[in-house]
1. Could you say whether any residue in segment 166-184 is part of a helix (DSSP H, G or I), crowded, with 19+ Cβ neighbours inside 10 Å and at pLDDT 80 or above?
2. Enumerate the pairs (first residue in segment 521-547 and over 22 Å from Ala450 (Cα atoms); second residue anywhere and open to solvent by 50 Å² or more (accessible area, probe 1.4 Å)) with beta-carbon separation below 7 Å, excluding pairs fewer than 6 apart on the same chain, so at least 6 apart or on different chains.
3. How do the pairs read when you match residues in segment 276-291 that are free of Cβ contacts under 8 Å to residues at least 24 places away in the same chain and farther than 12 Å from His220 by Cα with residues anywhere that are open to solvent by 50 Å² or more (accessible area, probe 1.4 Å) and of a type outside the set (Gly, Ala, Ser), using Cβ under 6 Å and keeping only pairs 6 or more apart or on different chains?
4. Can you tell me which residue within segment 193-237, out of those that are acidic (Asp, Glu) and farther than 17 Å from Glu253 by Cβ, is surrounded by the fewest Cβ atoms within 10 Å (Cβ to Cβ)?
5. Take residues that are touching a Lys or Arg at 6+ places or on another chain (Cβ under 9 Å) and tell me which of the helices (runs of 4 or more DSSP H) falling wholly in segment 186-296 contain 1 or more.
6. Can Gly507 be described as modelled with pLDDT of 80 or more, surrounded by 13 or more Cβ atoms within 10 Å (Cβ to Cβ) and either under 30 Å from the mean Cα position of the chain (by Cα) or hydrophobic (A, V, I, L, M, F, W, C) (or both)?
7. Scan segment 104-149 for residues that are assigned to a helix (DSSP H, G or I), open to solvent by 40 Å² or more (accessible area, probe 1.4 Å) and not hydrophobic (A, V, I, L, M, F, W, C) and jot them down.
Amino acid sequence: MSDALEIERLHQHMVRLHAVVEMGVIGEPPEEQARRILSDSRTALDFDYAELTQQCASGEYVRVCAVGEGAERLEDTLGTAGFGRERPHMVFDTLHDGLSHHHVVAALGLRSVLFWPFMAGEKRCMLAFGWLHPRAHFVSEDEIRYLDFLAALVSRLLDALEGQRRIAHRADTDLLTGIPNRAAVLDHLEREISAAQREDVHLALLYIDLNNFKQLNDQHGHAIGDAALQAIAQRIKSVLRKHELCGRFGGDEFCVIVPMVHSDEDLAIIARRLLDSLGEAITYDHVTLHPSASIGIATYPRDGTSAAELLAHADRAMYRAKRERTAAYAFYAEQTATTVDRAITFDRATFRSQFIMCYQPIVSARSGRPIAAEVLPRWLHPEGMRSPQAFLQAAQQQGVLRELDMMIARVALEKADELRNVADLAYHVNVSEPNEALIEAIGKSGSMLAIEVTEQQITAEASRYVAFAGACRSRGLRFGIADFASDHLSLSVLADLRPDFVKIRAGAKEAKRDSLSVLIDQAHHLSCTVIGESVETSSERQWLIANGVDALQGFEICSPLAEQDFSAWLRRYRT
């Protein structure tokens, strides 16, 4: 090709690229613009391969390339043969310059390579061009002018790309703690679930909620609260291994994604490490804080196959851990990392000697008057207090869940009869499974009992619980749903159940408040009494009252009380 034609061709491409400059870096992403420009330049300079290699702060190199047909998928950089040079450098024949064994050079059969260094911001970059035939001469003056222009344009695109990356980083990062935010965590969780599905492995989501953090904020101020959150984020990071990710969901809630899970025992170890680290005192501005946390654990695929399911189930497990207070972490599945004593016999004598009943008042949201109490059994094992999960699992393994429910109901009836002259209350008893024998045994004397089951139980066996709810009503027992979230129950099932009451949680999540308002309205439409359970702060109590709940239960109202304390509490209320 004549020099005149070559100069004209270069001029035409410069005019075309000038149009990109005039438009500014808009439209397609900067990296796509760079690829298109390199493709144009490949045609203009008659070379067969072009790449842009950029040195990052870490010392690694990234590249944008335009190659000949059939080589688009190459991912290797072209080595560092040209790096360290501040001026353009030409390898005229790779066969004689030690570059022929490089993967890209060998794959494409390149015989000449031109390295053209330039700066993009404070980063050193390199344009590299390759030809299939050896070059006898360096590029011409016109080509030099073109390459200078090209480097300046690509530098601008790289600056824009870096700006986009900084914006994306800010969008994916919690500004207070510097760890991934909710959107980034959910995106990462979806990717990990896809990978776990492909590789047929398990993963886990740990949901971490700080206990009583609002009181800490109110007492010491937001500056100290923010410092505590920053310290806690760093502690979570310090406990995790390289492949595990932590993020902040907002407020005082964090989560951890653990890929490649082998057993619940491994997760229990991680949870205990987290709790030990988070429980250490924090000192800031002469104030010493003593934080604590509750952790809920859900695993893929046992507890869910989507990010939304795992998040919801880990959230519920966390609230169970928080409610029971005897364990700072809980699994969503009906399993526990604690050792279960299989030797215990759940007969009446053992029950009377080793179990105590605690009672948590439920009060009217409008008047504050006690209207009910939830019966909470506690196992005083000879070796020490055991968690409710432990004795429930032991009872399940021995096939005596129904007998255990029966004994708890009978104790509740005795208490109701004892305090009948003090306060006319309904006593809420949680049952582990549909138990018509219990209804027959307590008969009409059980009219002071209210039977509770969880939404999760109903979801597993909806038809059995519809029949059980009908049997309760026929005997004058109230029937209700605890942990009500309307996640899985259809309106038709709810209509068939006809619950007398539902229990919902306000929690600390502002994002959930709109859906909770809808839930309250839906329950009232079904003529249900709505009880706000696990109420832990005054703001939760006020929000629930403002949104029309009928009754309240939780540590903000009153903690669970042993029998004598509960009796004294009721008498004090009456006077």
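The values are calculated or read from the model by the stated rules, or taken from the named source; none is laboratory data. Quick caveat: nothing in here was measured; it's all calculated off a predicted structure. When we count neighbours, we look across all protein chains shown, and the Cβ atoms used for this are built from the backbone with ideal geometry, even at glycine. The area values use the complete protein model at the heavy-atom level, side chains included, leaving out ligands, DNA and RNA. Shrake-Rupley method; radii C 1.70, N 1.55, O 1.52, S 1.80 Å.
1. yes
2. Once the first residue is over 22 Å from Ala450 (Cα atoms) and sits in segment 521-547, its partners that are open to solvent by 50 Å² or more (accessible area, probe 1.4 Å) give Glu536/Phe555; Glu536/Glu556; Thr537/Lys214; Thr537/Glu556; Ser538/Glu556; Ser539/Lys214; Glu540/Glu556; Arg541/Glu556.
3. Ala281/Thr288; Ala281/His290
4. By that ranking, first place goes to Asp200.
5. 222-239, 264-278
6. no
7. Glu141, Asp142, Arg145, Asp148
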